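Chemist: Structure provided below as structure tokens; questions to follow.
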């Protein structure tokens, strides 16, 4: 069955679209994690990422994404993100005290800004401080070769709620606000997605 991974970043909305994901050989007693850097703050243009005190990624750039990485399951995880070259002691710390379940497949999206008073506020009043968002329950393949599974994460700090639609089909995911992630049922691979401001005309 055909499978693929596609990351689409819109300069206007900063929406990440996850389609069928490349097959990944997962280790026993592990979870699969993909890390995506979508934090627009220039201070975080390039970052170092630590996992439980060890360097996981160095000089990881804005809008870059890893393949799936194996991490121990059911084990506490401490993820630290620092500007590239900075001390781990000066980083943002994100703790997953219970870890991730065995065989889980998630994306961790670094998003937001360090100084929210230096950026436009979110129109929906959402908190735009730098955070690590979990997009859970990612699937690997659709049920047919001409279908895709679609998961959307809204990562534009200054954008309003949006609807995600497929041309000639209609709205697939309605009213997604900043920080939201949602999946929709399979759509035919020939459809191209469009984005709409919620309750507004198409753009």
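Chemist: Of all the strands (runs of 3 or more DSSP E) wholly in the stretch 72-140, which have at least 1 residues that are under 16 Å from residue 54 (Cα atoms) and at pLDDT 95 or above?
Modeler: Answer list for the stretch 72-140: 77-83, 92-96.
Chemist: Another one. Might you check whether a residue that is free of Cβ contacts under 8 Å to residues at least 60 places away in the same chain and closer than 16 Å to residue 32 by Cα occurs anywhere in the stretch 104-121?
Modeler: no
Chemist: Further, regarding this structure: For residue 85, work out the one condition from (1) touching a residue at least 24 places away in the same chain (Cβ under 8 Å); (2) within 23 Å of residue 180 (Cα to Cα) it doesn't fulfil.
Modeler: So the condition that residue 85 fails would be (2).
The values are calculated or read from the model by the stated rules, or taken from the named source; none is laboratory data. Note that the coordinates shown come from a computational prediction; the quantities given were computed from them, not determined experimentally. Because the Cβ atoms are built from the backbone with ideal geometry, glycine has one as well, and the counts that use them run over all protein chains shown.
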